[in-house]
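Participant: Right, I'll just put the structure down here and ask away after.
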Amino acid sequence: MAEIKVPELAESITEGTIAQWLKQPGDHVDKGEYIVELETDKVNLEVISEEAGIVKELKASEGDTVQVGDVIAIVEAGEGEGKAETSANEQVKEEKTNEADNKEQNEKVEPEKVTEDKKDRTIASPAARKLAREKGIDLSQVPTIDPMGRVRKQDVTSYSNQPKQEAAPSAPAQKAAPAVPEDGKPVERVRLSRRRQTIAKRLLEVKQNTAMLTTFNEIDMTAVMDLRKRKKDNFVKEHDVRLGFMSFFTKAVVAALKKYPAVNSELDGDELIMKNFYDIGVAVSTDEGLVVPVIRDCDRKNFAEIEADILAVANKARDNKLTLSDLSGGTFTITNGGVFGSLLSTPILNGTQVGILGMHTIQTRPIAIDAERMENRPMMYVALSYDHRVIDGKEAVGFLVTIKKLLENPEDLLLEG
């Protein structure tokens, strides 16, 4: 008999939610086969069975919160229903009969069993299983281009967007239960996902446990945009990656952190942990909420390497393939609300970090060049939220001014390394 326990997840994660049981009591499970999907605040992961046998008992239900180390299922040695069904089928084949009715019935039963087996054996990512469950989609019907046959989230999305064929008349369809009225108005209660619950909890903790303040500046993006326009084609040919704004901002942030090292620190009681490395978190929006994968050693990477890393983690985030190591250990965060059209915002600090830079949309505005001239320039507001317990206003303003000067003279970023 073997116990299925919630595995060690990460230093900062102590619990998760049962998203979906992939096996039920009586089912056979092989050693190393997935038995349950867990949802944490950062990633979804599937837990395997360390032993082969029969699932005897599930000790937690879907939606339950479980702690690391909790026993959530029991597996005991045996063949289970899956093996029993195979033996039964072989016995039926041996007991051949000449009666046409029995033959017809057997032929009908066998395709039904094959269909059920196919459903059970469908390989799919946790995100795909969750989306299919929400949309009521049979995963065995979803086509995929994955060479290993693994159904991905985008496969489910594409399948759900296909025009539905009219079904043959059958039993009357069950109508969705009406929402419980409140004061005569219809409402609907929707349970927050594990990730959204944790996002809410941590953002509230940051607001309550830090002396957060935000300072603003604006950047004339003319020089960066001109440089990108001149270099973008050759950059793609040489490095096979697009030259975006994020690499410019990342390199500028690293330079500013070197000049103002307290912004790259962490407060631990009455001590500051000064970090002499530059692992920059880049906020990425996904269907399930905001995640912040980390780009490592940005001070040692060139523009192409940073752009490639950002593209890689952004794709992993949207495919729900981020690992816990992708999300841990950042020293500073950049968030770009401008991709959604945000003109100005006050970003909230990320975890134990003491600074976060907010980028915003580029907007053409009239700017005074001197006392006599005005020009329309592509301008971006930037915001630095910081923990005032660690950083004074003078340092915060100086940090933003450094970024502003470097981006308005982007060739200087090359001299910064």
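Participant: Starting with the fewest neighbours, write out His28, His360 ranked by other beta-carbon atoms found within 10 Å of each beta-carbon. Walk me through the numbers before you get to the answer.
Facilitator: Values: His28 20, His360 24.
Ranking His28, His360 by Cβ neighbours within 10 Å, fewest first, gives His28, His360.
Participant: Relative contact order for the range 343-412 using alpha-carbon pairs under 8 Å, separation at least 6, rounded to a whole percent? Don't skip to the end; give the middle numbers.
Facilitator: On the way: 90 pairs, mean separation 21.2, N = 70.
RCO, the range 343-412: 30 percent.
Participant: Read phi for every residue in the range 188-193 and hand back ³J(HN,Hα) as whole Hz from Karplus 6.51 cos²θ - 1.76 cosθ + 1.60, θ = phi - 60°, with x for Gly and Pro.
Facilitator: 9, 9, 10, 5, 5, 5
Participant: How would you rank Val187, Val382, going from fewest to most other Cβ atoms within 10 Å of each one's own Cβ?
Facilitator: Values: Val187 9, Val382 22.
Fewest to most other Cβ atoms nearby, the residues stand as Val187, Val382.
Participant: Can I ask one more? Could you work out how much longer the chain between Lys394 and Asn376 gets when fully extended? Use 0.36 nm per residue separation minus the Cα distance between them, nm to one decimal. Numbers along the way, then the final one.
Facilitator: On the way: separation 18, 0.36 × 18 = 6.48 nm, distance 3.02 nm.
Stretched fully, the Lys394-Asn376 segment lengthens by 3.5 nm.
Participant: Compute the length gained on full extension between Asp30 and Asp226: take 0.36 nm times their separation in residues and subtract their Cα-Cα distance, giving the result in nm to one decimal. Intermediate values should be presented prior to the final figure.
Facilitator: Details: separation 196, 0.36 × 196 = 70.56 nm, distance 5.89 nm.
Residue separation times 0.36 nm, minus the Cα-Cα distance, leaves 64.7 nm.
Participant: For the range 258-417, what relative contact order do you get, as a whole percent, if you take Cα pairs closer than 8 Å and at least 6 residues apart?
Facilitator: Values: 265 pairs, mean separation 31.4, N = 160.
Relative contact order for the range 258-417 comes out at 20 percent.
Participant: Another one. For the residues Ile13, Ile35, what sequence is obtained by ranking on other C-beta atoms within 10 Å, fewest first? Show your work: numbers first, answer last.
Facilitator: Values: Ile13 17, Ile35 22.
Lowest count first: Ile13, Ile35.
Participant: Here's a follow-up. For the pair Ser158 and Glu76, what calculated FRET efficiency results from E = 1/(1 + (r/R0)^6), where r is the Cβ-Cβ distance and R0 = 45 Å, to the nearest 0.05? Numbers along the way, then the final one.
Facilitator: Values: r = 41 Å, r/R0 = 0.90.
The value I calculate is 0.65.
None of the figures in this text is laboratory data; all of them are computed from the coordinates on show. It should be emphasised that the depicted structure is a prediction, and the values quoted were computed from it without experimental measurement. Note that each Cβ is placed from the backbone with ideal geometry, even for glycine, and that neighbours are counted across all protein chains shown.
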